[in-house]
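Visitor: Submitted below is the structure of interest, expressed as structure tokens.
The values are calculated or read from the model by the stated rules, or taken from the named source; none is laboratory data. Please read these numbers as outputs of a predicted model, since none were measured by experiment. Cβ placement follows ideal geometry from the backbone for every residue including glycine, while neighbour counts extend to all protein chains displayed. In case anyone asks, the SASA skips ligands and DNA or RNA and just uses the protein heavy atoms, side chains included. Shrake-Rupley method; radii C 1.70, N 1.55, O 1.52, S 1.80 Å.
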Amino acid sequence: MDRMLQFFNYKLLPESLQAVSKPFHDLAHEMVDNLPSNPERTVGLRKLLEAKDCAVRAVIYKEPS
């Protein structure tokens, strides 16, 4: 198991954000299951994590007043 997977646990999020986060969780697990463990996989997971964080922030984004 890759240590990066802990950051893709969507069940810790409020239910309203779980639907946004779950596809990233699923893809991260697919990557770990199907790609060899090496630095490039780690970088790919890190970038996927960044994308997931951006997607979650897009949902909670509030326009400045």
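Visitor: Going by the structure shown, is Pro23 modelled with pLDDT of 95 or more and outside any helix (DSSP H, G or I)?
Guide: So Pro23 does not fit the description; no.
Visitor: If we keep just the residues of the stretch 49-65 that are assigned to a helix (DSSP H, G or I) and free of Cβ contacts under 8 Å to residues at least 40 places away in the same chain, which is least open to solvent (accessible area, probe 1.4 Å)?
Guide: Ala55
Residue-by-condition table, conditions (1) among the charged types (D, E, K, R); (2) at positive phi; (3) more than 8 Å from the chain's Cα centre (by Cα):
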| residue | (1), (2), (3) |
| --- | --- |
| Ala19 | no, no, yes |
| His25 | no, no, no |
| Asp33 | yes, no, yes |
| Pro39 | no, no, yes |
| Leu48 | no, no, no |
| Ala51 | no, no, no |
| Cys54 | no, no, yes |
| Tyr61 | no, no, yes |
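Visitor: Right, here's the next one. What about Met31, is it in a loop (DSSP other than H, G, I, E, B), of a type in the set (A, V, I, L, M, F, W, C) and either open to solvent by 80 Å² or more (accessible area, probe 1.4 Å) or over 15 Å from Val56 (Cβ atoms) (or both)?
Guide: Here the answer is no, as Met31 does not meet what is asked.
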